[in-house]
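Report on the structure given below.
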Amino acid sequence: MRVLSGIQPSGKLHIGNYLGMIKPMVEYQNRSELFCFLANMHSITSVFDGVALSDNSQNALIDLLALGIDPEKSVLWVQSDVPEVSELTWYLSCVTPMGLLQRCHSYKDKVAKSIPASSGLFTYPVLMAADILLYNSNIVPVGMDQKQHVEVTRDIALKFNSLYGEIFVIPESEIREELAVVPGVDGQKMSKSYDNTLEIFAPEKQLRKKIMSIVTDSTPVEEPKDPDTNNVYLLYKLFASESESQEMADKFRQGGFGYGDAKKALFALLMDHFKEERKKREEIAADLGYIQEVRKKGAQKARAVASEVLAKVRKAVGVA
Ligand code: ADP
Ligand code: TRP
């Protein structure tokens, strides 16, 4: 079973990315063949600063390594290091009906958020289909927002196969409902584009400040509070043990426990949770040679699969 997913290096990775995508990937790598990549070509639909994109990509690669993606067990690469994906995007785009892309919510949502309405942004689902189909992926774990894109991928693959024969594996998306939406500090979905994230590897001071900025209501400290409607508790619960969560919930219900106390507890919990990863990240970041080697070897492994699939496609469409 081949499991594939990608993440855009369009900013610093946050705990929503961690719970929604990175953690499931790390768990997968012990029981499946994991393909995990940084979708930097997707990011150029919204990041127009080459230096920033290149830095973000390098940082995200280090983050993934520190969080447990193991380049010995899995294939970990940077999308643009496999040029085959661009060529496949073209072949796929020639069988993709316009209507299929016109129905995509993500394009409309992004344009509504002032991301420029380029043709790249519009055809982005075709690049994503190429990412998935180029590696014969069976399962694609994604957040809710990406489900439609995997459906589009299936439609494109079926159309291509019906025209040219059984070339592509038909993938399936996998959504973890319980982790579908991690809330941000303002209560909306945590997202790089909303400036409401808790970054996994933020410097200690910055993380504390961000946690202290979590929006809460103005119930006085003495009064009882409902834990299930406050973001501090909801975030705490995602990382705490059952007994720790229960303890905090009881304190909120009893009264005399303020949001400030809960925020301090959340900060301590996150610092402790990622303690090892923070240390590992520092070690990896100091070893530029290792990072370059990981990137190079990852690209080689990914290209070995990609070139085989692309050779079949080229032959099928008649350009070989
Ligand atoms: P962002 O919204 O921060 O730009 P991406 O769109 O790059 O995040 O998402 C990368 C991965 O992380 C996707 O699989 C996505 O579903 C997951 N993800 C992002 N934000 C959250 C969140 N708040 N809760 C759960 N999963 C998330
Ligand atoms: N579009 C995805 C996102 O914004 C990232 C991505 C690109 C992806 N290609 C993919 C995810 C292929 C899964 C499979 O989150």
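The values are calculated or read from the model by the stated rules, or taken from the named source; none is laboratory data. All values derive from a computational prediction rather than experimental measurement. Quick reminder, even Gly has a Cβ in these numbers, built from the backbone with ideal geometry, and neighbours come from all protein chains shown. Areas reflect the complete protein model, heavy atoms only, side chains present, ligands, DNA and RNA absent. Shrake-Rupley method; radii C 1.70, N 1.55, O 1.52, S 1.80 Å.
Name the single residue, out of those in segment 190-211 being polar (S, T, N, Q) and under 20 Å from Val47 (Cβ atoms), that is farthest from ligand 1 (Cβ to nearest atom).
Asn196
Got at least one residue in segment 73-84 being in contact with a strand residue (DSSP E or B) (Cβ under 9 Å, 6 or more places away or on another chain) and more than 15 Å from ligand 2 (Cβ to nearest atom)?
Yes, segment 73-84 contains at least one residue that is in contact with a strand residue (DSSP E or B) (Cβ under 9 Å, 6 or more places away or on another chain) and more than 15 Å from ligand 2 (Cβ to nearest atom).
Looking only at segment 106-113, decide whether some residue is assigned to a loop (DSSP other than H, G, I, E, B) and open to solvent by 60 Å² or more (accessible area, probe 1.4 Å).
Within segment 106-113, one or more residues are assigned to a loop (DSSP other than H, G, I, E, B) and open to solvent by 60 Å² or more (accessible area, probe 1.4 Å).
Can you confirm whether segment 131-144 contains a residue that is among the aliphatic types (A, V, I, L, M), part of a helix (DSSP H, G or I) and farther than 20 Å from Glu308 by Cβ?
yes
For segment 180-198, check the following and say yes or no: at least one residue is part of a helix (DSSP H, G or I), within 14 Å of ligand 2 (Cβ to nearest atom) and among the β-branched types (Val, Ile, Thr).
Among the residues of segment 180-198, not one is part of a helix (DSSP H, G or I), within 14 Å of ligand 2 (Cβ to nearest atom) and among the β-branched types (Val, Ile, Thr), which makes the answer no.
Within the group Leu19, Leu64, which residue is within 15 Å of ligand 2 (Cβ to nearest atom), at pLDDT 95 or above and out of contact with any Ser or Thr (no Cβ under 6 Å at 6 or more places or on another chain)?
Leu64
For Lys110, are the conditions met, namely being of a type outside the set (Asp, Glu) and farther than 18 Å from Val3 by Cβ?
yes
Can you name every residue in segment 149-170 that is part of a helix (DSSP H, G or I) and either open to solvent by 10 Å² or more (accessible area, probe 1.4 Å) or out of contact with any Pro (no Cβ under 8 Å at 6 or more places or on another chain) (or both)?
Glu151, Arg154, Asp155, Ile156, Leu158, Lys159, Phe160, Asn161, Ser162, Leu163, Tyr164
List the residue pairs whose Cβ atoms are under 6 Å apart, where the first residue sits in segment 33-58 and is farther than 17 Å from Asp81 by Cα, the second is at pLDDT 95 or above and assigned to a loop (DSSP other than H, G, I, E, B), and the two are 6 or more positions apart or on different chains.
Qualifying pairs under 6 Å: Leu34/Ser74.
Regarding Gly143, is this residue in contact (Cβ under 8 Å) with a residue 40 or more places away in the chain, of a type in the set (Gly, Ala, Ser) and either within 11 Å of ligand 2 (Cβ to nearest atom) or open to solvent by 60 Å² or more (accessible area, probe 1.4 Å) (or both)?
Taking the combined requirement at face value, the residue satisfies it.
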